[in-house]
Amino acid sequence: MQSLTIAVSLYQGLCTTKTCVTAAGAILNGKDDTVSPCDDFYQFACGGWIKSHPIPAGEARWNTFDVLRNQNEVVIKNVLGECVRTWELTILIE
């Protein structure tokens, strides 16, 4: 029973919300476990992200802010497109 109590107490205070778990997953997926952090810390810490996010053609660089900008552009286009469709529907009904 003591080992169970110790295991439970280790997890008290940890954030287990969907947002925290998603962020933790992104951090873990960004790592490259095939490299020792003692040999090449940058590759260890960022290698997974670099491998899964190659620099697109026509871009000089690519980072998390560029990915976020692209995701935001998609959301904005969808919202604006919905507004236009709603406006067009309103005009047709009137």
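Just a few scattered comments:
- Residues (in contact (Cβ under 8 Å) with a residue 12 or more places away in the chain, in a helix (DSSP H, G or I) and not hydrophobic (A, V, I, L, M, F, W, C)) located in region 36-63: G47, G48, K51, S52
- Taken over region 24-73, the residue count meeting the criterion of being more than 30 Å from L14 (Cα to Cα) and at pLDDT 95 or above is 1.
The values are calculated or read from the model by the stated rules, or taken from the named source; none is laboratory data. Quantities reported herein were computed from a predicted structural model and do not represent experimental measurements. All Cβ positions, glycine included, derive from the backbone under ideal geometry; neighbour counts span all protein chains shown.
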